[in-house]
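Engineer: One structure, pasted below without further comment.
The values are calculated or read from the model by the stated rules, or taken from the named source; none is laboratory data. Predicted, not measured: the structure shown is a model, and the values here were computed from it. Don't worry about glycine lacking a Cβ; one is built from the backbone with ideal geometry, like all the others, and counts go over all protein chains shown.
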Amino acid sequence: MFISVLDLYKIGIGPSSSHTMGPMVAASKFRQWLASMPFTESNVRIKCILKGSLAYTGKGHATDRAIALGLNGYLPEELTETDVNALVADLWIRNSVEVAGHTYAFSPDEDIVFDRRDPLIEHPNGMIFQLFSPSGTKLDEHIYFSIGGGFVSTLAEIKTIEAPLIMEEASTFPFPFESAIRMLNMSKESGLSIADMKRENEHQHHGDQELDRGLDRIWDAMRTCVENGLATDGTLPGGLNVQRRARGLHEQLQAKPEDATQSDWLCAYAMAVNEENAAGHMVVTAPTNGAAGVLPSVLYYMVVHHGIVRKQIHDYLITSAAIGGLIKHRSSISGAEVGCQGEVGSAAAMAAAGLCAIKGGTTLQIENAAEIALEHHLGLTCDPVGGLVQVPCIERNGFGAIKAVTAASLAMRGNGIHFMSLDNCIAAMKQTGEEMSHKFKETSLGGLAVSVTEC
């Protein structure tokens, strides 16, 4: 199994990697297929049927907007500096899509269907793209799945891949660890850190300069996202009238830094990111949009308050990505599949490992840090109020960051020997997710989502 750090961390827009970025990528892939196999018959109509979690919370996650953007050739990273609201308003009134010189009928209000009947059996985030003749005859159909973190699979791919995730065969890489125990053994045998082994694997595709530039770009986007959130206040879109709080909190901390705790700073930085995500602005999947505040907040804290340098920033991101890759390979990072334990829980494990690494932790301590952070998110549900990535998501990222730092600190107080392995913890998360009611997996049908009362 191999997934590049430059693929795991994707720069895009909010509010969701699986419900916004993934569907946009899927629609773009369908558009690419149309360009290669054009239908010359006039007035062919495109329809998109959203299934499962996408149907239940797609409105709150802007899935319909993402589909329209993708069908018109836009990708998440291209929109980070675009007025998406204005662009979507224009696309919404066109009633057609131009692909390779051919015009296809497409009205977003009519042709994007939120189908809340039985989900597709392969994955809860399914999309069915269909083509119809003017007489209503179905001409073709393509199915895609948004499997978390902005990754997309076709129907054929999801039936043949594990996790489900498309990754390269590990055996072709210098350090083909597919489990935490193999990672520990390879580190012991080689004398290399997790970051060094991961970097050697990355060299199969990226030279040092290319990799370092990519890591710099990821960190720059994360830092920009934190700082944009700290500089902005107002009400978040979506109808819940949730007020941004990161700027006000940060100003309080700056006014009286002697009273500020580490947890205060982490919450300010994490909430800043997730407020930006909720607003549909630029964010980095880390490993998802819903959990995008955890990793940047810990890293930003270490840069601003402890002055860590470029090499440490890179090692943090690479080590975190190694852990994220294991979790994604052996379980899932999709809230629709395993609940928020797979999003904020995974992010906390990744951040704990990265922090432990740059503080000089051994490989055993790093694995222990990741396990502690993940273990204490087991069972965490994904039940967003109103289908929006706001409540409880924004605050939850702050607490995920606090747990990550605590896990790293606790691991470094020990020698790395511990009872529950990271592999077993990941397996427990997968089982917990499989047995968790669908009400608590990004459908807004249970928990906090239905417990909102009027005061």
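Engineer: Considering only region 44-144, give the helices (runs of 4 or more DSSP H) lying wholly within it that have at least 1 residues that are of a type in the set (Phe, Trp, Tyr) and crowded, with 16+ Cβ neighbours inside 10 Å. Write out each step before concluding.
Structural biologist: Values: elements: 53-57, 63-71, 84-92, 108-111.
Passing ranges, in order: 53-57.
Engineer: Does at least one position in region 85-94 carry a residue that is of a type in the set (Lys, Arg), modelled with pLDDT of 95 or more and over 19 Å from the mean Cα position of the chain (by Cα)? Write out each step before concluding.
Structural biologist: Pass one, region 85-94, residues of a type in the set (Lys, Arg): 94.
This time we only want the ones that are modelled with pLDDT of 95 or more, so: none.
Checked against the condition, which is being of a type in the set (Lys, Arg), modelled with pLDDT of 95 or more and over 19 Å from the mean Cα position of the chain (by Cα), region 85-94 yields no hits at all.
Engineer: Further, regarding this structure: Looking only at region 198-222, count how many residues are polar (S, T, N, Q) and either touching a Ser or Thr at 6+ places or on another chain (Cβ under 9 Å) or within 25 Å of Glu178 (Cβ to Cβ) (or both).
Structural biologist: 2
Engineer: Scanning region 185-234 for residues that are of a type in the set (Asp, Glu) and free of Cβ contacts under 8 Å to residues at least 40 places away in the same chain, which turns out farthest from Glu77 (Cα to Cα)?
Structural biologist: Taking region 185-234 as the starting set, the residues that turn out to be of a type in the set (Asp, Glu) are 189, 196, 200, 202, 208, 210, 212, 216, 220, 227, 233.
Of the ones still in play, those that are also free of Cβ contacts under 8 Å to residues at least 40 places away in the same chain are 189, 196, 200, 208, 210, 220, 233.
Working: Glu189: 39, Asp196: 28, Glu200: 27, Asp208: 23, Glu210: 18, Asp220: 14, Asp233: 24 Å.
It comes out as Glu189.
Engineer: On to the next question. Are any of the residues in region 347-370 within 19 Å of Tyr300 (Cα to Cα), of a type in the set (Val, Ile, Thr), at pLDDT 95 or above and not assigned by TED's automatic domain parsing to the domain that holds Pro23?
Structural biologist: The answer is yes, given that some residue of region 347-370 is within 19 Å of Tyr300 (Cα to Cα), of a type in the set (Val, Ile, Thr), at pLDDT 95 or above and not assigned by TED's automatic domain parsing to the domain that holds Pro23.
Engineer: Can you tell me which residues in region 291-330 are surrounded by fewer than 21 Cβ atoms within 10 Å (Cβ to Cβ) and of a type in the set (A, V, I, L, M)?
Structural biologist: Met302, Val303, Val304, Ile308, Val309 - these are the residues of region 291-330 that are surrounded by fewer than 21 Cβ atoms within 10 Å (Cβ to Cβ) and of a type in the set (A, V, I, L, M).
Engineer: In region 1-27, which residues are of a type outside the set (A, V, I, L, M, F, W, C), surrounded by fewer than 21 Cβ atoms within 10 Å (Cβ to Cβ) and not in a loop (DSSP other than H, G, I, E, B)? Explain how you work it out, then say what you get.
Structural biologist: Within region 1-27, the first condition is being of a type outside the set (A, V, I, L, M, F, W, C), and the residues that meet it are 4, 7, 9-10, 12, 14-20, 22-23.
Checking which are surrounded by fewer than 21 Cβ atoms within 10 Å (Cβ to Cβ) leaves us with 4, 7.
Within region 1-27, Asp7 is the sole residue that qualifies.
Engineer: Looking only at residues in region 248-289 that are hydroxyl-bearing (Ser, Thr, Tyr) and farther than 21 Å from Thr57 by Cα, which one is surrounded by the most Cβ atoms within 10 Å (Cβ to Cβ)?
Structural biologist: Pass one, region 248-289, residues hydroxyl-bearing (Ser, Thr, Tyr): 261, 263, 269, 285, 288.
Filter again for farther than 21 Å from Thr57 by Cα, leaving 261, 263, 269.
On the way: Thr261: 10, Ser263: 14, Tyr269: 31.
Looking at residues that are hydroxyl-bearing (Ser, Thr, Tyr) and farther than 21 Å from Thr57 by Cα, I get Tyr269.
Engineer: Being surrounded by 15 or more Cβ atoms within 10 Å (Cβ to Cβ), assigned to a loop (DSSP other than H, G, I, E, B) and touching a Lys or Arg at 6+ places or on another chain (Cβ under 9 Å) is the filter here, so list the residues in region 224-237 that pass it.
Structural biologist: Thr232, Leu236
Engineer: If the requirement is being assigned to a helix (DSSP H, G or I), touching a strand residue (DSSP E or B) at 6+ places or on another chain (Cβ under 7 Å) and either assigned by TED's automatic domain parsing to the domain that holds Ile318 or on the phi > 0 side of the Ramachandran plot (or both), which of these qualifies: Ala195, Ala221?
Structural biologist: On the way: Ala195 fails: touching a strand residue (DSSP E or B) at 6+ places or on another chain (Cβ under 7 Å).
None of the other options fit; the residue is Ala221.
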